[in-house]
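Presented below is the structure to which this report refers.
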Ligand SMILES: [Ca+2]
Ligand SMILES: [Ca+2]
Ligand SMILES: [Ca+2]
Ligand SMILES: [Zn+2]
């Protein structure tokens with residue numbers, strides 16, 4: 001009698017727990033449709049912002065491009081094994097339109113915090129980041145540079161330092177609330193001057209670009225710079241992001257939709273906690289082992305010694 005009462009209690013608890021979990025999931029998936037504001041620009045909702053393409057300006061490559069990129073990697077790895085992590089020098093270029101944070105002149109303290117965020121994010125991958133230098137340039141046209149513009153080319157040509165192994169990180173206000181973009185490792189050979197990462201100055205830790213102000217825009221863009229694609233690259237279709245341990249994902253996540261499963265025919269929930277999705281900074285917390293391998297192999301093929 002006592003025993004069966006205990007069983008009922010356990011069963012009731014399990015039922016309650018699963019109902020509660022179900023409710024939490026439903027709440028997290030449906031974000032409120034309230035206006036989203038970034039750098040003075042307004043979208044109907046954060047989801048609308050995500051779908052506008054302003055979350056990240058790094059292109060999604062085609063299947064043919066991915067096949068070419070990866071065949072070069074396979075050939076390179078026949079010559080000698082891949083590196084396993086390392087330390088990357090970071091040259092930070094603060095582009096602003098005048099003095100003060102509101103004009104993009106972010107202080108050294110915020111840049112040091114950004115480097116710390118990078119080091120924490122990449123700790124599991126074996127890669128670390130060493131702040132090599134900070135320079136500051138006041139140029140309103142460069143401050144508003146966008147991917148593929150003359151302003152981008154001029155700014156980077158004037159400011160870029162180091163080799164293919166070095167990270168050039170530019171802070172700017174890339175027009176209309178674009179959070180950032182990066183060049184891929186395989187673009188270095190043809191376009192060394194453009195190599196690097198640009199982020200919205202207010203996305204640095206403690207900046208005003210909430211909920212993208214914990215420094216993970218840089219984490220995400222550096223992921224591209226290291227050779228990673230978005231987790232939703234290719235949707236539910238193989239080869240996806242070319243990383244086996246990130247589950248397939250039909251489209252970018254917004255917010256922190258715990259339990260999202262946009263490719264139900266493929267195993268696993270969506271990788272919404274991954275730095276290469278579009279979730280809020282607070283929700284982005286991990287790279288996978290497969291992504292680490294891809295970074296190592298991309299670096300070895302396209303950056304090491306170049
Ligand atoms: Ca994957
Ligand atoms: Ca799935
Ligand atoms: Ca985070
Ligand atoms: Zn991206």
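The values are calculated or read from the model by the stated rules, or taken from the named source; none is laboratory data. Please read these numbers as outputs of a predicted model, since none were measured by experiment. Cβ coordinates were reconstructed from backbone atoms using ideal geometry, including for glycine residues, and neighbour counts include every protein chain displayed.
Tell me, yes or no, whether the range 225-245 has at least one residue that is modelled with pLDDT of 95 or more and outside any loop (DSSP other than H, G, I, E, B).
yes
Results for (1) modelled with pLDDT of 90 or more; (2) farther than 21 Å from residue 213 by Cα; (3) in the same structural domain as residue 140 (by TED's automatic domain parsing); (4) over 24 Å from the mean Cα position of the chain (by Cα), shown as yes or no for each residue.
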{"residue": "19", "(1), (2), (3), (4)": "no, yes, no, yes"}
{"residue": "22", "(1), (2), (3), (4)": "no, yes, no, yes"}
{"residue": "32", "(1), (2), (3), (4)": "no, no, no, no"}
{"residue": "36", "(1), (2), (3), (4)": "yes, no, no, no"}
{"residue": "63", "(1), (2), (3), (4)": "yes, yes, no, no"}
{"residue": "68", "(1), (2), (3), (4)": "yes, yes, no, no"}
{"residue": "71", "(1), (2), (3), (4)": "yes, yes, no, yes"}
{"residue": "101", "(1), (2), (3), (4)": "yes, no, yes, no"}
{"residue": "109", "(1), (2), (3), (4)": "yes, no, yes, no"}
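Of the numbered conditions (1) in the same structural domain as residue 154 (by TED's automatic domain parsing); (2) within 16 Å of ligand 2 (Cβ to nearest atom), residue 189 satisfies every one except a single condition; which is it?
Answer for residue 189: the failing condition is (2).
With 47, 76 as the choices, which residue is in contact with a helix residue (DSSP H, G or I) (Cβ under 7 Å, 6 or more places away or on another chain) and surrounded by 15 or more Cβ atoms within 10 Å (Cβ to Cβ)?
76
Any idea how many residues of the range 87-111 are loosely packed, with under 14 Cβ neighbours inside 10 Å and either touching a strand residue (DSSP E or B) at 6+ places or on another chain (Cβ under 9 Å) or assigned to a strand (DSSP E or B) (or both)?
Qualifying residue count, the range 87-111: 4.
Out of all the residues in the range 253-264, is one or more within 12 Å of ligand 3 (Cβ to nearest atom), in a loop (DSSP other than H, G, I, E, B) and not assigned by TED's automatic domain parsing to the domain that holds residue 179?
Yes, there is a match, as at least one residue in the range 253-264 is within 12 Å of ligand 3 (Cβ to nearest atom), in a loop (DSSP other than H, G, I, E, B) and not assigned by TED's automatic domain parsing to the domain that holds residue 179.
Can you name every residue in the range 144-177 that is farther than 26 Å from residue 210 by Cβ and assigned to a loop (DSSP other than H, G, I, E, B)?
148, 149, 160, 161, 162, 163, 164, 165, 166 - these are the residues of the range 144-177 that are farther than 26 Å from residue 210 by Cβ and assigned to a loop (DSSP other than H, G, I, E, B).
Results for (1) touching a residue at least 60 places away in the same chain (Cβ under 8 Å); (2) surrounded by fewer than 17 Cβ atoms within 10 Å (Cβ to Cβ); (3) out of contact with any strand residue (DSSP E or B) (no Cβ under 6 Å at 6 or more places or on another chain); (4) part of a strand (DSSP E or B), shown as yes or no for each residue.
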{"site": "117", "(1), (2), (3), (4)": "yes, no, yes, no"}
{"site": "121", "(1), (2), (3), (4)": "yes, no, yes, no"}
{"site": "135", "(1), (2), (3), (4)": "no, yes, no, yes"}
{"site": "142", "(1), (2), (3), (4)": "no, no, no, no"}
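Among the residues that make up the range 194-201, is at least one of them in a helix (DSSP H, G or I), touching a helix residue (DSSP H, G or I) at 6+ places or on another chain (Cβ under 7 Å) and away from ligand 2 (no atom under 16 Å from the Cβ)?
Yes: the range 194-201 contains one or more residues that are in a helix (DSSP H, G or I), touching a helix residue (DSSP H, G or I) at 6+ places or on another chain (Cβ under 7 Å) and away from ligand 2 (no atom under 16 Å from the Cβ).
Just a yes or no: is a residue in the range 178-186 in a loop (DSSP other than H, G, I, E, B), in contact with a strand residue (DSSP E or B) (Cβ under 9 Å, 6 or more places away or on another chain) and within 15 Å of ligand 3 (Cβ to nearest atom)?
yes
Hey, among 206, 268, which residue is surrounded by fewer than 18 Cβ atoms within 10 Å (Cβ to Cβ), outside the structural domain of residue 124 (by TED's automatic domain parsing) and within 24 Å of residue 123 (Cβ to Cβ)?
268
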